[in-house]
Each structure stands twice: as C-alpha cells, then as structure tokens.
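The block underneath contains the structure these notes are about, expressed in structure tokens.
The values are calculated or read from the model by the stated rules, or taken from the named source; none is laboratory data. Treat the numbers as computed from the prediction; the structure is a model and nothing was measured. Neighbour counts are summed over all protein chains in view; Cβ atoms, including those assigned to glycine, are modelled from backbone coordinates with ideal geometry. Note: areas computed on protein heavy atoms with side chains; ligands, DNA, RNA excluded. Shrake-Rupley method; radii C 1.70, N 1.55, O 1.52, S 1.80 Å.
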Amino acid sequence: MVYFVESAARAVKAIRTNLKELSVVKGFEIHEREAAQALRALDAAAVACDFCFIDPPYAEHSAYEQTLGFLSQSRLLTATSTLIAEHDKHSDMSERYGALQRSRRLQQGDAVLSFYKLT
C-alpha cells in the first residue's frame, strides 16, 4: 500500500494523472492535506510503513525537524522501517532525531537523500 501525502492541489493532480497513466487503480491512498495532519491520521489508523519518503520544501527546515521528531515516536515506523528524507545539500540535517539515527547519506547533485532507522 502506498500513501501519498500532498497539500498542493497541482501536485495532487499530477499524482492522480501519473497513477491513471500507469493504470494504477488500487493499492494507494491520496491524503490531500498538510503532512502533520495526514501523519497523525495514519498513525491513529495504526498504519506501519516499510519505507517512508519525505520531501518537505527545502526552505522549511523546521518541517524536517517536526516531521522526523513525530515519526521517531509514532507507530508509522517499526524496527525494520527505513525513512528517507530528501533535502538540499546545504541543509544541516542532524544525525539523530529522537529515536531515528541516520544510517546513510547519498548526494545526487544539489539534492541529498538521508536514510534513517529507528535505534
């Protein structure tokens, strides 16, 4: 199951279009609201993720801290989950957010993927 969380209407439209063009008709939910609200709702529904990919707007550094802090305490992540945070190469991402420890950092041009696991 894939859970898309997006608050921008244009991005939601693009997600729906891409899913339709790929003939994907089931196995996903689109949550068209702010990430914090959607994550709380998914946590309350006892959803557990194998992989969780987050990509807040690069300029909103506090969004990373809030989201990673929440996820480190939520039921959305398990001992086997991997959280992947995309961010700008100039962002000073912490090695640790609560129970989340960075295990890998992969730079691709100006973008970086930081991989976190629960410890």
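Points worth noting:
- Members of segment 74-95 that are more than 18 Å from Asp110 (Cα to Cα), open to solvent by less than 40 Å² (accessible area, probe 1.4 Å) and hydroxyl-bearing (Ser, Thr, Tyr): Ser74, Ser81, Thr82
- Taking segment 19-32 as the range and being loosely packed, with under 12 Cβ neighbours inside 10 Å and within 19 Å of the chain's Cα centre (by Cα) as the test, only Gly27 passes.
- Answer residue from segment 56-73, given it is surrounded by fewer than 14 Cβ atoms within 10 Å (Cβ to Cβ) and closer than 17 Å to Ala8 by Cα and is nearest to the chain's Cα centre (by Cα) among those: Pro57
- Test for Arg10: is it part of a helix (DSSP H, G or I), over 25 Å from Ser114 (Cβ atoms) and charged (D, E, K, R): yes
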